[in-house]
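Just so you know, all these numbers are worked out from the coordinates, no wet-lab data involved. Since the structure is predicted, the reported quantities are computational estimates derived from the model, not experimental observations. Positions of Cβ are generated from backbone atoms using ideal geometry, with glycine treated the same way; all protein chains shown enter the neighbour counts.
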Amino acid sequence: MAGKYKPDLVLKPASEPILARLQKLYTLKNPAEIERFLEKRIFLVELLIKTEQAIRKYFGEAELVLERTDALEASSACQMELDICPPLDAKDVISRFSNFNNGWYAKAAFKIKGNYCISLVHPAVQETPNLWDLLRELAGTYDGPEDWSLEHDHYIHGTPKRYSKENG
C-alpha cells in the first residue's frame, strides 16, 4: 500500500531476556524496574542497543549507567536516565558530548520521546548544581510574619505596608 507508515526500527524476536541483553551494555541501577518498564515499551530495547553503539563512537569505554526514574521526582519528564561516565578530561568530554548531541542524538531524539534522557556525568560538569536539585534543597516552609503574603514587598524591598488589620 502506498503511503503506509513503516517504522525504521524493525524488531526481531529477542533470543535472550531483556535484562541479559542490556546488562552486557549498561550498568543497571534498578534492573527489576527497568525490565517492567521495557516490557511495555519493547521498541526501546533495540533503541537502547543502538544508543550504546552510538555513544561508544564518541566516548569509547565510558561507563554507561541506566536507571529507571520516577517522572514525578526526576528533574525532567524522562522515565529512565542513561548516564555517560567518561574518564576523559573536561574539555574533551564537553566537546564529545556536544558532537554526540548534534550528531546521532539529534536524529534519534524523536524516537526516544521522553522515555529516557541521556546525561553526561563528569566531575567538571557536575560542579554546577542542577536548578531542580537546588530547589529541592531550598523547598520547605518559611516561618515569617503572618502577613507575609500580603506584605511581601514591604519585607523584601522595604516599601510601606499596604494593608493593616484595621482596614483589612
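For each of His122, His154, count neighbouring Cβ atoms within 10 Å of the residue's Cβ, then give the residues from fewest to most. Display every interim value, and only then the final one.
Values: His122 21, His154 16.
In order of increasing Cβ crowding within 10 Å: His154, His122.
Each of Thr51, Thr27, Thr69 was scored by other Cβ atoms within 10 Å of its Cβ. Arranged with the fewest first, they read Thr27, Thr69, Thr51. The residues Trp104, Trp148, when put in order of fewest to most other Cβ atoms within 10 Å, stand as Trp148, Trp104.
Using 0.36 nm per residue, how much length does the chain from Cys85 to Ala20 gain when fully extended, once their Cα-Cα distance is taken away? Spell out each step's value before the answer.
Values: separation 65, 0.36 × 65 = 23.40 nm, distance 2.12 nm.
Taking Cys85 through Ala20 to full extension adds about 21.3 nm, to one decimal.
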